[in-house]
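Asks: So that we are looking at the same thing, I have put the structure below in structure tokens.
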Amino acid sequence: MKRDPEGEKNPSPDFWSRWLSWAPPCASRGRVPQWVGGGGRFGVGLLFLVSYTEGEAAGPELSSFAKKKWDMPPRKGPAFEISQIGPTSPSQTLPRLAELKEGQRPSPIADVISTVEFNHTGELLATGDKGGRVVIFQREPESKNAPHSQGEYDVYSTFQSHEPEFDYLKSLEIEEKINKIKWLPQQNAAHSLLSTNDKTIKLWKITERDKRPEGYNLKDEEGKLKDLSTVTSLQVPVLKPMDLMVEVSPRRVFANGHTYHINSISVNSDCETYMSADDLRINLWHLAVTDRSFNIVDIKPANMEDLTEVITASEFHPHHCNLFVYSSSKGSLRLCDMRAAALCDKHAKLFEEPEDPSNRSFFSEITSSVSDVKFSHSGRYMLTRDYLTVKVWDLNMEARPIETYQVHDYLRSKLCSLYENDCIFDKFECAWNGSDSVIMTGAYNNFFRMFDRNTKRDVTLEASRESSKPRAVLKPRRVCVGGKRRRDDVSVDSLDFGKKILHTAWHPAENVIAIAATNNLYIFQDKVNSEMH
């Protein structure tokens, strides 16, 4: 494991990235978001309210997403309601957004969802929050009454993944916030996932138990050892059924591998190794070895004053275990091949778009910083998100992206105020659908955007209880910059920058998406496709 002897002397990259106009973690500067709605203080478990109705698809396929939402309950466990209205006909099988009770207090910062991730089959969905908790949802099987209906996601397990820590040598507090969750491919009946905060990565095993052994020869019913003199005969223990119990146990703890804050983890396609990246280094770990890792990328200069960029995200290729990509705060992507050298400081390919002089501004360096990078399921393309755009890159063309989509171009005139309130440093994620034909990313005012690569159509949707009523299909939204406004248009001046969608995930095979909006988790299901199953 490569360690940094100068780690205590040099300021953290968070400091440098703040003043060199790159996007650092906002939490490190103590910024507190604005909360809207919510359910008081967060507790163990989730309150979810679900209703059903029948509705027609509004507009194109992308805009006809049905809704479902979970809201985090209070931590101390006060009374709350669970409301679920069953379908009255086979066609009424789509979840819709149900309102929270009015008058509930905003949630604390610990309840804010910080990551969302489907497993490889899409049957499980994991969320992590700033309080160090991981909540796993499981998709219910199809109903016997409606055999072709889509199952809903309900709470499967909840556990505390990380606790706040303190580094006494450096006098630094280590937050419990879950930065990333990654599922491992399922090898047996158990499920496994990796979760990480700023410094420590943990491997968790999730198992089910619905039987218990009884009839031990040397133990009584309470598990205590019997007096051997009382054992007069031998019997064969038997397994008896019991209520289903989900057990989550820590299998490995990977610590002390990073001097700076971990921003991403990625599991290799060989199912044996994974990598973790911080602001200046990327380490390669074996899932069975916790006491050492191999440094495969190190961009730290000898003198920190010469620092010009930091690593913002990284990911393994979905099919080739020797390839991985990492993005930088300068807006570039570097594809590395681990077969070339043990230390991949020299990249195999550099993907970088020349800057347009006409669009050059004081904030260009900040807005060009890549906040997320994702390989397509086919492995042919890469999807990146910076502050204003999402871009699709072809691995065979380094000069420029093959597609560029404007997420919220109407904010270009607001960059000065966004810099003042630190929103310009927000890190938005992006996601592919299962066929790599549609991409999704978040925006402000609880809006999220979808872009169809084939038809070149895009849609803006909103995940908010204020603007969505139960028994209603999700309607497209439009932001008005100036001139004539339609009835449902939202003015750019009235956008709420405290309500933002940073974390999104797409089901690997179906049109089901998960949206994290502060302490609320929304599940959207494509109405057209769900009725065709």
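The values are calculated or read from the model by the stated rules, or taken from the named source; none is laboratory data. As the structure is a computational prediction, the values presented were derived from the model and not from experiment. Heads up, the Cβs are rebuilt from the backbone with ideal geometry, glycines too, and the neighbour counts pull from every protein chain shown. Remember, those area values only see protein heavy atoms, side chains included, never the ligands or the DNA or RNA. Shrake-Rupley method; radii C 1.70, N 1.55, O 1.52, S 1.80 Å.
Asks: Distance check, please: which entries in Lys300/Lys391; Lys427/Lys499; Lys199/Lys349; Lys182/Lys346 exceed 24 angstrom between their Cα atoms?
Replies: Working: Lys300/Lys391 27 Å; Lys427/Lys499 14 Å; Lys199/Lys349 29 Å; Lys182/Lys346 27 Å.
From Lys300/Lys391; Lys427/Lys499; Lys199/Lys349; Lys182/Lys346, over 24 Å: Lys300/Lys391; Lys199/Lys349; Lys182/Lys346.
Asks: In whole angstrom, how far apart do the alpha carbon centroids of segment 348-366 and segment 411-450 sit?
Replies: 18 Å
Asks: Leaving ligands, DNA and RNA out of it, report the carbon-plus-sulfur percent of the accessible area of segment 409-511 at a 1.4 Å probe. Walk me through the intermediate numbers first.
Replies: Numbers: 2040 of 4560 Å².
For segment 409-511, the apolar C and S fraction of the accessible surface comes to 45 percent.
Asks: If you don't mind, there's one more thing I want to ask. Any idea what Rg and Dmax come out to for segment 282-427 if you just take the C-alpha atoms, in Å?
Replies: Calculated on Cα positions, Rg and Dmax stand at 16.6, 52 Å.
Asks: Report, to one decimal in Å, the Kirkwood hydrodynamic radius for segment 191-309 based on all distinct Cα pairs. Kindly include the intermediate steps, with their values, before the conclusion.
Replies: Details: mean 1/r = 0.0545 Å⁻¹.
Over segment 191-309, the inverse of the mean reciprocal pair distance is 18.4 Å.
Asks: Under the rule of at least 5 residues apart or a separate chain, name every residue whose amide H is placed under 5 Å from the amide H of Val479.
Replies: Val490
Asks: Using the Cβ atoms and a cut-off under 10 Å, what net charge is assigned to the surroundings of Ala126, where Lys and Arg are +1 and Asp and Glu are -1?
Replies: Numbers: positive: Lys182; negative: Glu117.
Residues close to Ala126 contribute a combined charge of 0.
Asks: So, one more: In debye, nearest 20: dipole of segment 136-234 around its Cα centre with unit charges on the Cβ of K, R (+) and D, E (-)? Provide the component values of the computation, followed by the final result.
Replies: Details: 15 positive and 18 negative charges, 82 e Å.
Roughly 400 debye for segment 136-234.
Asks: Among residues other than Arg486 whose Cβ falls under 11 Å from its Cβ, what is the net charge (Lys/Arg +1, Asp/Glu -1)? Can you show the working numbers first?
Replies: On the way: positive: Arg477, Arg478, Lys484, Arg485, Arg487; negative: Asp488, Asp489.
Residues near Arg486 contribute +3 overall.
Asks: While we're on this one: Report the net charge of residues surrounding Phe362, where surrounding means a beta-carbon distance below 14 angstrom and charges are Lys +1, Arg +1, Asp -1, Glu -1. Mind dumping the intermediate values first?
Replies: Values: positive: Arg360, Arg412, Lys414; negative: Glu355, Glu365, Glu420.
Net of charged neighbours comes to 0.
Asks: Determine the shape class of segment 387-520: with a ≥ b ≥ c the square roots of the Cα gyration tensor eigenvalues, call it rounded for a/c under 1.5, and otherwise prolate if a/b is greater than b/c, oblate otherwise. Walk me through the numbers before you get to the answer.
Replies: Details: a/c = 1.55, a/b = 1.19, b/c = 1.31.
Judged from the Cα gyration tensor, segment 387-520 comes out oblate (a/c at least 1.5, b/c at or above a/b).
Asks: Please compute the per residue accessible area over segment 269-398 with all protein chains in place, 1.4 Å probe, rounded to a whole number of Å². Walk me through the numbers on the way to the answer.
Replies: Working: 5390 Å² over 130 residues.
Computed with neighbouring chains in place, this is 41 Å² per residue.
Asks: Which percent of the accessible heavy-atom area of segment 250-372 goes to carbon and sulfur, probe 1.4 angstrom?
Replies: Ligands and nucleic acids excluded, carbon and sulfur reach 49 percent.
Asks: So if I place +1 on the C-beta of Lys and Arg and -1 on the C-beta of Asp and Glu, and nothing else carries charge, what would the dipole magnitude of segment 337-493 be about its Cα centre? I want it in debye, nearest 20.
Replies: Values: 26 positive and 25 negative charges, 186 e Å.
Using only the charged Cβ atoms, the result is roughly 900 debye.
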